[in-house]
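This report concerns only the one structure given below.
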Amino acid sequence: MMHERVFGSFDLFVLPFLVGMVFVLLFCLFGLLRILYQLSREERLKFYASLLNPANIIKNLKDIFFDCLIHVKLWRRNPLLGYMHSSIAFGWFMLIVLGHLETWFYIPERMELIYYPIFFRYFMQVSGTTVGGALFFFLMDFFLLVVLSGIGLAVFKRFRSRALGMKRTTRLTLLDYVALYSLWLIFPLRWIAEGFTAGVAGGSFMTVPINMLLSSFMKNPENITIAWWAYSMALSIFMFSLPFTRYMHIPTEILLIPMRNAGLKVRRHNKGYALAQLYSCPSCGVCIDACPMGLHRRSADATVYMVRQFKRANQARSLEIAEKCLMCQKCSSLCPISIDATELRLAFRSRQKYNILPDFQYLKRYLALSAEDDSAYAQAQNGQTEENSSGNPVMAVVSSIGSKVKSIGQKIMSLGSSSKEQQENIGSEKVLYYAGCMTSLTPVVRESVEKLLKASGVEWSNMDSGRSICCGRPLFLSGKMEQARQLVEANSEIIHNSGASILLVSCAICYRMFKEKYSLEGVRVMHYTEYFNELIKEGRLKVKRSALKYVYHDPCDLGRGCGIYEEPREAIERAGHLVKAGKERKESICCGGSVGSLALSYEERVHITEHSLENLTVNAPDCIVTACPLCLTTYAKQSEIKVEDFAQVLVENLK
Amino acid sequence: MTKNVVVIGGGASGIEASRRLRDLGYSPVLVEKEDHLGGHLASWNRLFPQMIPAKDILKSLTSDMKGIEVFLNTEVISINRLKDSYVVKFSNGLSAQVKAILITTGFTLFPAQKKQEYGYGIYDRVITNADLEAWFNGNKDKRVTDPQVIGFVHCVGSRDEKAGNRQCSKVCCATAVKQAIEIKEKFPDAVVYCFYMDLRMFGRGYEDMYLKAQKDYGIRFLRGRVSEVSEDINGRLVVKADDTLLGKPVKISMDLLVLMSGMIAPESNMELSKMLKVLPGEDGFFSPANAISNPTLSNRDGVFFAGAATGPKTMPETLSEGRAAALEIDSYLKRVGD
């Protein structure tokens, strides 16, 4: 009933596959070692430790199953797109598993031959008349059908990608095409090859009909080897091209997931963990539609192309792409692999050499000096109408430091001391309000925040009225990590000295910086949307509901950056009627004003703003509300309808 | 056939062109959307560099309006083109069939509140050049009360791509110098600053006015842009700017800040251009067919321009163009045969 058809369990046609498979395995092994070698010692230890943690192991397996095989994120995006990917991935996976199961079931001694389970039907004569045999035949055919349906969709997607929820798809490289077409060929060829065995031994609902359909071809026994050779060749071409194409994501993602779960972070843009990220990109092109820069044409600056240039080590193009990005993070939030696109860009930016770098060491001296006395400052302030001081440290560095160090130092500190005075008056919560540079350029925001604080009876002190130190995020985003750190230190000291328990921030950009890059123990960093929503809920701030229709824009750094979507909406709902934007929350479109981009031209920004406004006004709101001073100024320039700040809306609807 | 010509916009060039057309024997219809003639001239106080009262100029312009049909509070609703003439419908219910239309729609001032960092409409002591002229004209303004330190910010909304206007408004530099002198005359003890990018003193006598402002009036000219304006506890303004000559940032406390709003094209230009099928330029102002040889000709037969409708201009330029347009219309109508 069941016996090996081929003496010695070998045939020449397995060679292309075998060589290809060995090549891929060696390449992956080499790649793995390279990535592990590039990790720092701590990272490596952290990674190994996480691999031993049972909870982590379960999470890894779960993530690998749902992300690599089922593609859950793509299902959420578009069911057809999800089906296409999971049918090919999961279907193929099942074909391989079933092949091995069959081998193990019928002839376990052949398990050591890696080609055997793949070409099992050729080597083994199995009868479909037993229950087990019929079941295997059926399952194999079933999953072959699943894969073929996926391939069918993939071919269809080449022509009508919109039907699968993608306006634009990736421009592939030549090798990508080679791999793509060989992948498409593998399964029809397998179908035909197994059609022959269906004639000799048996098959199921796929293989039997193909045998009958192509009976004239299938009847000729000489064609058997041709078919199996073709199948093996298609596999081989795919295997050989795999390491140099987007299909490298298949093995790499299995490494990426445990690395991410171990808590590794991107350090260098193309080394270690980042390299695993680069190779995990499947070039699916979801980021192309997501990118706000690619409105009118196919953006050549989307993350998928950045990954490609980083891999190719094309310095000039890499720099261009890395610097142009708005850092709005929409691509990473939609990416099925969750590639840290902004982190990769930041890592690249931080390696750029600049001729002139600001140095904020003097801030330390200012802070130290100012502890001594602040009477000199008061004197200086009263007696002068004109003063050459530096509110902005970026500007201050230009002016000579020497003689001015003392006076400026005292000025900055007067702030710390004034808040000390107020400490005694403040009740249980000590609110320190940091407006930031952008709020200083949009005075209506500061004014509204102060009105709201007054209306709710909160006692607060200003951290940066008059003299302010930047939060550091613009420097951080331009890759000047050391300079950013100096500002972080100076601000941290001021905040700690103030004895504040809440740091209130009205700028989404600063907020993210304080949240992510500051360690302010004992201080609750709150965005004003969180804080005022809390005050409204507690009844300390009373607003009435107006008849106006508002639409809320999620600032990138607040929404995707810090995950704050609900608080501003809850508060606006109480002040008026909230309508939906076309795309919002995770998919909100950057206003175009982002400080994240270092190279985007003004014209390009104008287009992005225009598109973003169109998206916001689909439901005909009376007013656009945003919670970031930069979005506010950007929209106000171009919007036909009223644009207001979150705090402004609350002030207008105060009871 | 009537010998009517429709003139859209009752500012200086519209009035001047209408008068000249009348003198040439036509019956112009002058349409003005406001309730008075004169446009911006009517709200200005004195004109540089001779400091001639605007009132006098407007008075002499409007002294003899006989033979001119003036429609106040009226706008153009539609314009239909016939074979060789236009039917213009007005919001007052009347209409006219004419062979020539003159566009003298002028400019509007850039809304200074769009540059929020300067705090117009937010802080109590920030005003615009137009507000200051109104105050010179005797209108009360709480914001101007015995200022000790006064600042003028040049180029507010002009030469500012981020504000959507790349063009230079031509007259604000001279206007700022003029206003700085005038306010110094009113408050001799005040310290007056001008924050400028560069000073475009192109006309005869302008440079003299600038030198006089420095020598005789002690006005301090500071090259650099204002970065931000805030208010201190006492309600005084704190102005931060960059002194690019000294290479240093400065911070000055002030009692009054005057924003030199630039000239931008009126929004109604878009409507009008659709009706007439003459395309405005990127900046919203109308583009003459040949800006050098004859700036009053459009690319459409029978449609003419004069004054600031084709871009920022000084008062003498505007008036000359009004006259030139009248002559051009006359020769056009004679050519096509009225």
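Once you've got the Cα coordinates, tell me which of B:K66/B:K277; B:K3/B:K334; A:K430/A:K537; A:K451/A:K637; A:K353/B:K251; A:K324/A:K353 are over 22 Å apart.
Details: B:K66/B:K277 32 Å; B:K3/B:K334 11 Å; A:K430/A:K537 19 Å; A:K451/A:K637 25 Å; A:K353/B:K251 32 Å; A:K324/A:K353 17 Å.
Flagged as over cut-off: B:K66/B:K277; A:K451/A:K637; A:K353/B:K251.
Counting other C-beta atoms within 10 Å, and keeping those with at most 14, which DSSP coil trypsin sites (Lys or Arg not before Pro) do you find in region B:1-109? The partial results should precede the final answer.
Values: sites: B:K3, B:R19, B:R20, B:R22, B:K33, B:R46, B:K55, B:K59, B:K66, B:R81, B:K83, B:K89, B:K99; in loops: B:K3, B:K33, B:K66, B:K83, B:K99.
Passing sites in region B:1-109 are B:K66, B:K83.
Where a ≥ b ≥ c are the square roots of the eigenvalues of the C-alpha gyration tensor, would you call chain B rounded, which needs a/c under 1.5, or, failing that, prolate if a/b is larger than b/c, or oblate?
Numbers: a/c = 2.26, a/b = 2.10, b/c = 1.08.
Judged from the Cα gyration tensor, chain B comes out prolate (a/c at least 1.5, a/b above b/c).
Take peptide B:244-254, look around each residue's Cβ out to 10 angstrom, count Cβ atoms belonging to other protein chains, and average those counts.
Numbers: counts 0, 0, 2, 3, 9, 10, 7, 9, 5, 5, 2.
That average works out to 5.
Would you mind checking which residues have amide H under 5 Å from B:D243's amide H? H placed 1.01 Å from N; only 5 or more apart, or other chain.
The answer is B:K248, B:V250.
Check B:R46: other-chain or 5+ apart residues with amide H under 5 Å from its amide H, H built from backbone geometry?
B:A54
Apply the Karplus parameterisation 6.51 cos²θ - 1.76 cosθ + 1.60, with θ equal to phi minus 60°, to every residue of region A:41-46 and state each ³J(HN,Hα) to the nearest whole Hz, in sequence, with x for glycine and proline.
My calculation for region A:41-46 gives 4, 5, 4, 4, 4, 4 Hz in order.
Sequence neighbours fewer than 8 away in the same chain don't count; with that in mind, list the lysines whose C-alpha is under 18 Å from B:K33.
Within the straight-line cut-off, B:K33 pairs with B:K89.
Hey, what angle do you get for helix A:508-517 against the long axis of chain A, alpha-carbon based, 0 to 90 degrees rounded to 10?
So the inclination is approximately 70 degrees.
Using +1 on the beta carbon of Lys and Arg, -1 on that of Asp and Glu, and nothing else charged, what's the dipole of region A:252-349 about the Cα centre, debye to 20? Intermediate results must be reported in sequence, preceding the final value.
Values: 15 positive and 7 negative charges, 55 e Å.
Dipole magnitude for region A:252-349 comes out near 260 debye.
Given a cut-off of 28 Å, name the pairs among A:K586/A:K655; A:K157/A:K271; A:K271/A:K517 whose C-alpha atoms lie farther apart than that in the structure shown.
Details: A:K586/A:K655 32 Å; A:K157/A:K271 34 Å; A:K271/A:K517 23 Å.
Among A:K586/A:K655; A:K157/A:K271; A:K271/A:K517, the Cα-Cα distance tops 28 Å for A:K586/A:K655; A:K157/A:K271.
In the calculated pair distance distribution of the protein assembly as shown, what percentage of Cα-Cα distances lie above 44 Å? Kindly include the intermediate steps, with their values, before the conclusion.
Working: 249771 of 492528 pairs.
More than 44 Å apart: 51 percent of the Cα pairs in the protein assembly as shown.
Projected onto the charge dipole of the protein assembly as shown (+1 at Lys/Arg Cβ, -1 at Asp/Glu Cβ, origin at the Cα centre), which of B:Y123, A:G472, A:Y362 gives the Cα projection farthest towards the positive end?
Comparing the listed Cα positions along the dipole, A:G472 ranks first.
Give me the inter-chain shielding for A:434-444: mean count of other chain Cβ atoms within 10 Å, whole number please.
Working: counts 0, 1, 0, 2, 1, 0, 6, 9, 5, 13, 5.
Mean inter-chain Cβ contacts per residue within 10 Å come to 4.
How far apart, in nm, are the 7 Å Cα→Cβ label points at B:R220 and A:K549?
5.3
Hey, got the dipole for chain B? About the Cα centre, +1 on K and R Cβ, -1 on D and E Cβ, debye to the nearest 20?
Numbers: 44 positive and 41 negative charges, 96 e Å.
So the magnitude is around 460 debye.
Pull up the cross-link candidates among the lysines for B:K140, meaning alpha carbon to alpha carbon under 22 Å and not fewer than 8 places away within one chain.
Qualifying lysines at Cα under 22 Å: B:K55, B:K178, B:K184, B:K186.
Projecting each Cα onto the charge dipole of region B:199-257 (Lys/Arg +1, Asp/Glu -1 at the beta carbon, about the Cα centre), which of B:I219, B:L237, B:G205 comes out farthest on the positive side?
Result: B:G205.
Of all GluC sites (Glu not before Pro) in region A:439-500, which ones are in loop regions per DSSP and have a Cβ with at most 15 other Cβ atoms within 10 Å? Before the final figure, lay out the partial values.
Values: sites: A:E447, A:E450, A:E459, A:E482, A:E489, A:E493; in loops: A:E459.
Within region A:439-500, the qualifying GluC sites (Glu not before Pro) (loop, at most 15 other Cβ atoms within 10 Å) are A:E459.
From the phi angles alone, apply the Karplus equation (6.51, -1.76, 1.60; θ = phi - 60°) to region B:223-229 and give each ³J(HN,Hα) in whole Hz, x where the residue is Gly or Pro.
7, x, 9, 6, 8, 7, 10
Which value, in Å³ per residue, describes the convex hull spanned by the Cα atoms of region A:477-605? The partial results should precede the final answer.
Working: hull volume 16.5 nm³, N = 129.
Dividing the Cα hull volume of region A:477-605 by its residue count gives 128 Å³.
Using only helices, what value at 222 nm comes out for the protein assembly as shown when you add -39,500 (n - 2.57) per DSSP H run of length 4 or more and divide by the total residues, to the nearest 500 deg cm²/dmol? Please report the intermediate quantities before stating the final value.
Working: 40 runs with 466 residues, N = 993.
My calculation for the protein assembly as shown gives -14500 deg cm²/dmol from helical runs alone.
So which aspartates and glutamates pass the test for A:K480, namely a Cα distance under 12 Å, with those fewer than 8 places away in the same chain ruled out?
A:D359
Can you give me the C-alpha center-to-center distance between region B:173-244 and region A:568-627, rounded to a whole angstrom?
So the separation of the two Cα centres works out to 38 Å.
Over what distance in Å are the Cα centres of region A:30-53 and region A:487-557 separated?
Comparing the Cα centres of region A:30-53 and region A:487-557, I get a distance of 38 Å.
Order these by the 10 Å Cβ neighbour count, fewest first: B:T74, A:T617. Write out the running numbers ahead of the final one.
On the way: B:T74 20, A:T617 17.
Ascending number of Cβ neighbours within 10 Å: A:T617, B:T74.
Tell me, what HN-Hα J-couplings in whole Hz come from the Karplus equation 6.51 cos²θ - 1.76 cosθ + 1.60 at θ = phi - 60° for each residue of region B:130-135, using x for Gly and Pro?
Computed from phi, the couplings for region B:130-135 are 5, 4, 5, 4, 4, 5 Hz.
P(r) for region A:131-180, please, calculated from all Cα pair distances in 5 Å bins and given in %.
5, 16, 16, 18, 15, 9, 8, 7, 4, 1
Pick out, in residue order, every one of the GluC sites (Glu not before Pro) in region B:1-68 that is DSSP loop and has at most 16 other C-beta atoms within 10 Å; say none if there are none. List each step's numbers first, then the result.
On the way: sites: B:E16, B:E32, B:E34; in loops: B:E32, B:E34.
Filter output for region B:1-68: B:E34.
Give the peptides A:502-508, A:210-216 in descending order of average Cβ contacts within 10 Å, highest first.
On the way: A:502-508: 25.9, A:210-216: 14.1.
Highest mean packing first, the order is A:502-508, A:210-216.
Can you list the equivalent-ellipsoid semi-axes of region A:537-655, largest first and in whole Å, using the square root of 5 times each Cα gyration tensor eigenvalue? Can you show the working numbers first?
On the way: eigenvalues 124, 44, 30 Å².
Rounded to whole Å, the semi-axes are 25, 15, 12.
Cα axis of helix B:206-215 to longest principal axis of chain B: angle in degrees, 0 to 90, nearest 10?
That helix lies at roughly 20 degrees to the long axis.
Once the Cα atoms of helix A:566-575 and of chain A are each reduced to a long axis, what angle between those two axes, in degrees from 0 to 90 to the nearest 10, is obtained?
The two axes meet at around 50 degrees.
Readers should treat all values here as calculations from the given coordinates under stated rules, not as data from a laboratory. Source: prediction; values computed, not measured. We place every Cβ from the backbone using ideal geometry, glycine too, and count neighbours over all the protein chains shown.
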